[in-house]
Amino acid sequence: MFSYSFGGFNLFRDAGRFISNVAKTAGRDIDKASKIVQDTVGSVTDEIGKIPIIGAPIHSIFDAGWHLVSAPVVAVVDIAKGERIDRVGMDFINTEVKDVKNNAQYVKMAVSVIPGIGTCVASTLGVGLALANGQPIDKALIAGAVSAIPGGPIAQAAANMTMSTIDTVARGEKVTVDTLANGAAGIAADALGLADSAKKALLAGTAMMGQLASGKPIDPSLALAAINSVPLPDSVKNGLDQLSQMATKIGQGTNVSPEMLEQIQQIEPMIPIDNGLKGLVGNAVESNKMPSSNALSGALNSSVIDNVMAPVNKSLPKEQQDAQRIGAALQTAMIQQANRAAQLASTAVLNKLMQSGIQISKTVPTVAEARKLVKTGVRGFDIAIGLLNQKSEVFDIATVRSQLNADEQKAYDAACALKVGLTTNPPKSMTAAARAGHAMTMGMQGAHPDVKAGMMASIVKNPSATVGAKVAVDEIATRRSSWIDRILDWLGLL
């Protein structure tokens, strides 16, 4: 289990603004700001968007195991957004997850963070991906979020049913509709008052969504049970069964072919809900480019899931439908975070980041001078510099920090402050050491007082760095003074 606290200091409770600033500058070029991109309290402003991102996404250095779990989810979301066939799965959700003060706000964010994309499965997985970029999601946060779901105990039971089902299949347990119906998920589903066939369709569809969210093959028997349990015309059931069988064949290694696409185009008109499958296949035929196996199998499976779950959910109040979506998004986020954390904690990834940081220190004088200010835990400094040269999210920054010892965490924080300062402030005509002191002082705004005190103690041991820090302190004081004080100072009356 990863810990985000050390010595009484909690990264999210005590330094939410600081880590948010670090995430906003991660991967962006330094010394490109034409003006200060921090407000009067030190928060990075929206002007940061004008500074180019030059670093690759952090997942570009992850191994194949990570892609196995995450690629199908990304593909489903991209297809629902209408992404070009040659772009499906190429980019990740880039949605800023704002600071959350309480459980009710978290729930509200879970249903609105990515509004208006796609159908049930795609939008739910998309929300899960976005939430996975933010603060680490633990059992306490989950429990608080569920308790804040509107709709009372029945809506909360709907969320618990969804989370229990997805968690079960994500852990690799073999399930059938009957085992689900007789287990914890089935007990929670009983509160919804559904007919037995509708309950089985809902549980089977949710289990399929869980397999999709965790990168596991969709169980054909679950798909068939879901299709047979839902009240749809035989022609629709037959079409969904064919789509499911095609997805299974692709998952087993069958190549995507023009004949397969032609078959899908014949089936697609009889399918009530289009999740982007029609656009994907049409684009592939028109451009004569075959979609990837991940993209097509994901689209086929999500089409089946959407079409078997929609008739059941139509019979439920909106609050219960939203509760299922919240539960699925939270559980998806937990799956994605666990997959991401395993990569970030690996020796291979940490060593890559450390070596990258060392190389940057050799080529950027200001970074080299800041590194000299760190007397112990320099490994943490190097890892942070390497990480922040990539496009990293709040979760990545917090998780990597949790892998370090106390001295390395202090050095890591210093590197984070340096990155914020160098990215959000125009270049200064100073020595490299003075520039390092200035950037670290500007960048440490929002950090916990103890963390800032530790950074300043390192800076003041170097006379040149101290010069830069004093300039930064004066700039901060001036920006935080009232406009009246600034006028009086300009007139020489202070």
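The values are calculated or read from the model by the stated rules, or taken from the named source; none is laboratory data. Source: prediction; values computed, not measured. For neighbour counting, all protein chains shown are included, and Cβ atoms are generated from backbone atoms with ideal geometry for every residue, glycine included.
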Matching residues in region 29-50 - criterion: being outside any helix (DSSP H, G or I), hydrophobic (A, V, I, L, M, F, W, C) and surrounded by 12 or more Cβ atoms within 10 Å (Cβ to Cβ): ILE30, ALA33, ILE36, VAL37, VAL44
Residue among ASP14, ASP78, ASP31 that is under 20 Å from GLY443 (Cβ atoms) and modelled with pLDDT under 75: ASP14
Meets criteria (polar (S, T, N, Q) and under 17 Å from THR332 (Cβ atoms)) for THR248: no
Test: residue in region 51-67 that is under 20 Å from ALA341 (Cβ atoms) and touching a Phe, Trp or Tyr at 6+ places or on another chain (Cβ under 7 Å): yes
Residue satisfying condition, being on the phi < 0 side of the Ramachandran plot, in contact (Cβ under 8 Å) with a residue 40 or more places away in the chain and surrounded by fewer than 23 Cβ atoms within 10 Å (Cβ to Cβ), within set LEU330, LEU344, LEU300, LEU316: LEU316
Some residue of region 281-294 being assigned to a helix (DSSP H, G or I) and closer than 15 Å to GLY251 by Cβ: yes
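Condition check ((1) in contact with a helix residue (DSSP H, G or I) (Cβ under 7 Å, 6 or more places away or on another chain); (2) under 20 Å from GLY210 (Cα atoms); (3) modelled with pLDDT of 85 or more) across all residues:
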position	(1), (2), (3)
ALA110	yes, yes, no
GLY116	no, no, no
CYS120	yes, yes, no
PRO150	yes, no, yes
ALA155	yes, yes, yes
ALA158	yes, yes, yes
MET163	yes, yes, yes
ASP167	yes, yes, yes
Close pairs (9 angstrom Cβ cut-off, 6 or more residues apart or separate chains): in contact (Cβ under 8 Å) with a residue 40 or more places away in the chain in region 399-424, acidic (Asp, Glu) and not in a helix (DSSP H, G or I) anywhere: LEU422/ASP31; THR423/ASP29; THR423/ASP31
Of residues in region 350-379 being within 18 Å of ASP407 (Cα to Cα) and of a type in the set (A, V, I, L, M, F, W, C), the one surrounded by the most Cβ atoms within 10 Å (Cβ to Cβ): ALA370
Segments classed as helices (runs of 4 or more DSSP H), wholly inside region 382-447, with at least 2 members that are in contact with a Gly (Cβ under 6 Å, 6 or more places away or on another chain): 406-424, 432-443
